[in-house]
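Structure record follows, encoded as C-alpha cells.
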Amino acid sequence: MSFHPSRHLCLALGLALFSASSGISISHAANIEPAQRVEQKRTDLTGAPGMEVIASVIEFKVGEEVALHRHHGVEVAYVVQGAQVQMAGKPAVTLATGSTTMNLRDVMHGGFTVIGDSSLKLFTVHIVDKHQALYDASPASSASTSNGTHANSTSTK
C-alpha cells in the first residue's frame with residue numbers, strides 16, 4: 001500500500017495524531033467525552049477480566065473541536081461520513097468516507113476542528129479498561145503523541 005497523506009492523517013481518528021506541542025489548547029478536565037457520542041452497546045470482553053467493549057456513533061458538526069485525548073485501551077473508528085478537518089496552523093485535510101482508523105492504548109490523538117460544509121460521522125469501537133474514563137485528556141507518563149506519522153495507529157480505505 002502506498003503512502004497517501006490524507007489516508008495516513010485519517011489514522012488517528014481523532015483523526016490525525018498530532019503533537020501536544022502543536023499549539024492546540026485543550027481542557028484537562030476529567031470528562032472531555034463528546035456530548036454527541038451515542039453509545040449503542042457495551043459488554044464485558046470475554047476472557048479479559050477488567051476490560052469491556054463499547055460501540056458508539058459520534059457526530060462532530062462543522063465548527064466543533066475534537067480535543068486532544070487518549071483512551072485506556074484500543075479505539076477503532078469507521079468514517080461513516082467524511083469531512084474536512086484542520087489543526088491550528090496546518091492545512092485542511094479531508095477524512096474520507098469509508099476510512100478505518102485505529103488508535104492504540106495511551107496514544108494522544110485528536111486536536112482538530114471540523115471545517116467545510118459537512119459533519120464528521122464515526123462509528124467507533126473501544127476495547128478499554130473498565131471503570132476508567134473513556135476519554136482522557138491528561139498525558140500519561142508512557143503516553144505517546146505524534147505529528148501524524150505515529151507507528152501505533154493504522155488507516156485503511
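The values are calculated or read from the model by the stated rules, or taken from the named source; none is laboratory data. As the structure is a computational prediction, the values presented were derived from the model and not from experiment. Virtual Cβ from ideal backbone geometry, glycine too; neighbours counted across all protein chains shown. Side chains included, ligands, DNA and RNA excluded: accessible areas come from the protein's heavy atoms. Shrake-Rupley method; radii C 1.70, N 1.55, O 1.52, S 1.80 Å.
Structure values in brief
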read-out: Residues of the stretch 59-94 satisfying the condition of being under 16 Å from Leu122 (Cα atoms) and of a type in the set (D, E, K, R); value: Glu59, Lys61, Glu64, Glu65, Glu75
read-out: Residues of the stretch 92-102 classified as assigned to a strand (DSSP E or B) and in contact with a Gly (Cβ under 7 Å, 6 or more places away or on another chain), total; value: 2
read-out: Options Gln86, Gln81; residue that is of a type in the set (S, T, N, Q), at pLDDT 95 or above and over 20 Å from Val38 (Cα atoms); value: Gln86
read-out: So Val93, is it aliphatic (A, V, I, L, M), buried (at least 18 other Cβ atoms within 10 Å of the Cβ), at pLDDT 90 or above and more than 13 Å from His72 (Cβ to Cβ); value: yes
read-out: Subset tally (residues that are more than 16 Å from Val80 (Cα to Cα) and not acidic (Asp, Glu)) for the stretch 115-134; value: 10
read-out: Candidate set from the stretch 38-83 (those that are within 19 Å of His109 (Cα to Cα) and of a type in the set (Asp, Glu)); member that is most open to solvent (accessible area, probe 1.4 Å); value: Glu65
read-out: Counted residues, the stretch 96-120 - those being under 14 Å from Gly63 (Cα atoms) and open to solvent by 10 Å² or more (accessible area, probe 1.4 Å); value: 6
read-out: Ser146 being of a type in the set (Ser, Thr, Tyr), at pLDDT 95 or above and over 20 Å from Glu39 (Cβ atoms); value: no
read-out: Every pair of residues 6+ apart whose Cβ atoms lie under 9 Å, when the first sits in the stretch 54-70 and is in contact (Cβ under 8 Å) with a residue 12 or more places away in the chain and polar (S, T, N, Q) while the second is assigned to a strand (DSSP E or B) and open to solvent by less than 60 Å² (accessible area, probe 1.4 Å); value: Ser56/Leu122; Ser56/Thr124; Ser56/Val125; Ser56/His126
read-out: Test: residue in the stretch 75-95 that is touching a residue at least 40 places away in the same chain (Cβ under 8 Å) and under 15 Å from Asp136 (Cα atoms); value: yes
